[in-house]
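So the structure is just underneath, and the comments pick up after that.
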Amino acid sequence: MSAVLARRALPPRLVFGVFVALLAVAPLVLPEFTVTLLNYIGLYALVALGLVLLTGVGGLTSFGQAAFVGLGAYTTALLTASTTLPGWLAWIGASAWLALVAGLLLTALFAVVLGSMTLKLSGHYLPLGTIAWGISLYFLFGNMQFLGGFTGLSGIPPISVLGEPIDTGREIFYLIWLFLLAGIVTTQNLLDSREGRAIRALKGGMVMAESMGVNTSAARMTIFVLAALHACASGWLYAHMQRFLNPTPFSLHTGIEYLFMAVVGGAGHVWGALLGATVFTVAKQWLQDWLPAIIGQAGNFEVIVFGVVMIIVLQRARDGLWPPLARLMPVRAAPRRIDAHAPPLARRAMPAADETLLEARRITKRFGGLVAVNDMHLSVRAGEIVALIGPNGAGKSTMFNLMSGVLDPTSGEVLLRGQPVAGHSAREVAALGLSRTFQHVRLMGQMSVLENVAIGAHRRENPGLLVGVLSGAWRLDRKQEQRLLAEAARQVERVGLADHMFEPAGSLPLGKQRLLEVARALAADPCLLLLDEPAAGLRYLEKRALADLLRKLRGEGLSVLLVEHDMDFVMGLVDRVYVMDFGQKIAEGLPQEVQRDARVLEAYLGGIE
Ligand code: ADP
Ligand code: MG
């Protein structure tokens, strides 16, 4: 009986509705103290929610969020409580809501400036950068006379809603949780949209995402600004709840606590933010009450306990407490519906039959003293399948990266449809009609096959960053989303993966992951497909299916350049072959000719193969 119950899943909407109903009655029945605690949980969760987007999903660690909370709090305090503001500013302070808008704009400005300075930093420099500005802003709040210094600012008025002042804990509870729920829903929506897929590709898929036309720097800036805005809104609510401010809650220490909440709750999931904030706030309250009594001495013992808990969580549940909790709950979303009748995406005009699509002219690439590619020439015409073969270490992948704009040649040039590739980003090269797969598959393992392929079509629907983010967050993008997903589904079917459409990409065997990469490349509507060792790891029948697929694509006017060292796969399939060894071209021609070439035989038989 219990097994049957466990399998009968509840729709997420119903569970969400019950949760909202419970929240609605909570302040009516709970004691004042509990309502206050819930208010703090809501405020913290709003900041942690920004960190879910920034750190958990985007992979950018920030210790400085408390400073953005402070920015929101001090902006509204100054505008609404100060009596000495010049007239052109004072009118904003007439309404706390106007002050919120001002705070959000100021925070966005700060975030863009700080982000453009720190987001380029990689590895541990980014977290260090956030610590640096976290500390700076804190001391700015503390040392500015007009902000009340370390003693603080008082006389902040309550927020008014429809002329009614929100001046009790029970009233502001509704406002805080409305903000939090709106944040959770919009963040969830955003992650489930075109921009969201770009954001989710940041963690571990930057080169792939750029090659699919995703502007990864814009995606990083987006989540940085969004996280700061969430923090600012929390600060605004806090200031009008407390009606008094000093710099203490905006210190680096609090910034670390926010990160702690997000990580413990589950930084990869929107509900992890709420869980983390709840666990943290309740535990802190409880420990502060009990630890001194148990130990028999006053002190901040809870900090020590939190440190230990953090280490245990990182050891035992890397992804935080939310994923194991979610597995226990009988809530399952139905799989996405794909509208096969959605209007198809626009396609590019295919090149004329004899056009030279890609031409590498005398290119050389040196890595320090090593000449990986030496004076290579290569061309691909429309409607051809061309192979670049050679033993391991011959320079094939380097050649491949030179042609797709990932690397720039030391000398020589690569022309794609007559345009030089050098100096263009992988993204611009993708826009010209070149799409690629990777020798070592680059997939987002947690995302479904369908969503992975949809990243390929990213460039083909571009409403602009701001519209894309806002329409994604508020679900105004569903028509566009249907078109993108329908296209992705078509490509998934085209490569024969229809049965795996909604499975996580990481659960597929390697051969199918390679096919997924082909589907993703096709979703970009290329005229030239670059495949790096597509047959590696494929079984015999899979290889035959792939060869059939490539022939079919050629029949549709697509050109393919493939890098392989599997001679058998190449010989029955391709129109022309280039053979490389030690960075140089040692043969070129029809497959039968090349197969008999003495230098090729020597390279293959005498070489590593
Ligand atoms: P293939 O794909 O034909 O096996 P590669 O193009 O990967 O060969 O490598 C050619 C040579 O260039 C190898 O000796 C390799 O070690 C070297 N190489 C490739 N990439 C780099 C790099 N980023 N830095 C230094 N050496 C590299
Ligand atoms: Mg290689």
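The values are calculated or read from the model by the stated rules, or taken from the named source; none is laboratory data. Quick caveat, the model's predicted, so the values are computed rather than measured. Reconstructed Cβ throughout: ideal geometry from the backbone, glycine too, with neighbour counts over all protein chains shown.
Going by the structure shown, is G572 of a type in the set (G, A, S), under 13 Å from E384 (Cα atoms) and more than 16 Å from ligand 2 (Cβ to nearest atom)? Considered against the rule, which asks whether it is of a type in the set (G, A, S), under 13 Å from E384 (Cα atoms) and more than 16 Å from ligand 2 (Cβ to nearest atom), G572 comes out as no.
Out of contact with any His (no Cβ under 8 Å at 6 or more places or on another chain) and either within 16 Å of ligand 1 (Cβ to nearest atom) or free of Cβ contacts under 8 Å to residues at least 40 places away in the same chain (or both): does that describe A340?
no
Of the residues making up region 415-429, one or more are surrounded by fewer than 17 Cβ atoms within 10 Å (Cβ to Cβ), within 26 Å of the chain's Cα centre (by Cα) and either free of Cβ contacts under 8 Å to residues at least 60 places away in the same chain or under 25 Å from E556 (Cβ atoms) (or both).
Are any residues in region 558-569 closer than 18 Å to S379 by Cβ and more than 14 Å from ligand 2 (Cβ to nearest atom), and if so, which ones? Result: L558, S559, V560. Note on region 21-121: enclosed helices (runs of 4 or more DSSP H) holding 1 or more residues that are in contact (Cβ under 8 Å) with a residue 24 or more places away in the chain and over 19 Å from the mean Cα position of the chain (by Cα) are 32-51, 65-81, 96-118.
In region 261-319, of all residues being in contact with a Pro (Cβ under 8 Å, 6 or more places away or on another chain) and farther than 23 Å from G58 by Cα, the one that is modelled with the highest pLDDT corresponds to F301. Counting only residues that are part of a strand (DSSP E or B), surrounded by fewer than 16 Cβ atoms within 10 Å (Cβ to Cβ) and within 11 Å of ligand 1 (Cβ to nearest atom), region 348-407 holds 3 of them. Within region 539-565, the set of residues being crowded, with 17+ Cβ neighbours inside 10 Å and over 35 Å from the mean Cα position of the chain (by Cα) is empty. For the condition over 22 Å from R514 (Cα atoms), away from ligand 2 (no atom under 16 Å from the Cβ), of a type in the set (G, A, S) and in contact with a strand residue (DSSP E or B) (Cβ under 7 Å, 6 or more places away or on another chain), what is the one hit in A353, A422, A342? So the residue among A353, A422, A342 that is over 22 Å from R514 (Cα atoms), away from ligand 2 (no atom under 16 Å from the Cβ), of a type in the set (G, A, S) and in contact with a strand residue (DSSP E or B) (Cβ under 7 Å, 6 or more places away or on another chain) is A422. Looking at this structure, is A239 crowded, with 24+ Cβ neighbours inside 10 Å, in a loop (DSSP other than H, G, I, E, B) and not aromatic (F, W, Y)? Criteria not met by A239. Give just the number: which of (1) surrounded by fewer than 23 Cβ atoms within 10 Å (Cβ to Cβ); (2) under 29 Å from F502 (Cα atoms); (3) within 16 Å of ligand 1 (Cβ to nearest atom) does R436 not satisfy? Only one criterion is unmet by R436, namely (1). Against the conditions (1) touching a Pro at 6+ places or on another chain (Cβ under 7 Å); (2) buried (at least 19 other Cβ atoms within 10 Å of the Cβ), L528 satisfies every one except (1). The requirement of being away from ligand 2 (no atom under 16 Å from the Cβ), at pLDDT below 95, over 27 Å from the mean Cα position of the chain (by Cα) and of a type in the set (D, E) is satisfied by D597. Name the residues in region 436-448 that are away from ligand 2 (no atom under 16 Å from the Cβ), hydrophobic (A, V, I, L, M, F, W, C) and in contact with a strand residue (DSSP E or B) (Cβ under 8 Å, 6 or more places away or on another chain), would you? Listed by number, the list holds a single entry, M447.
Would you check if L378 is within 16 Å of ligand 2 (Cβ to nearest atom) and free of Cβ contacts under 8 Å to residues at least 24 places away in the same chain? Taking the combined requirement at face value, the residue does not satisfy it. Scanning region 443-474 for residues that are touching a residue at least 24 places away in the same chain (Cβ under 8 Å) and either surrounded by fewer than 22 Cβ atoms within 10 Å (Cβ to Cβ) or among the acidic types (D, E) (or both) turns up M444, G445, Q446, M447, S448, E451, R459, R460, E461, L465, W474. Annotation for region 545-558: no member residue is within 16 Å of ligand 1 (Cβ to nearest atom) and closer than 29 Å to A431 by Cα. Is it the case that V429 is out of contact with any His (no Cβ under 8 Å at 6 or more places or on another chain), part of a helix (DSSP H, G or I), at pLDDT below 95 and β-branched (V, I, T)? Considered against the rule, which asks whether it is out of contact with any His (no Cβ under 8 Å at 6 or more places or on another chain), part of a helix (DSSP H, G or I), at pLDDT below 95 and β-branched (V, I, T), V429 comes out as yes.
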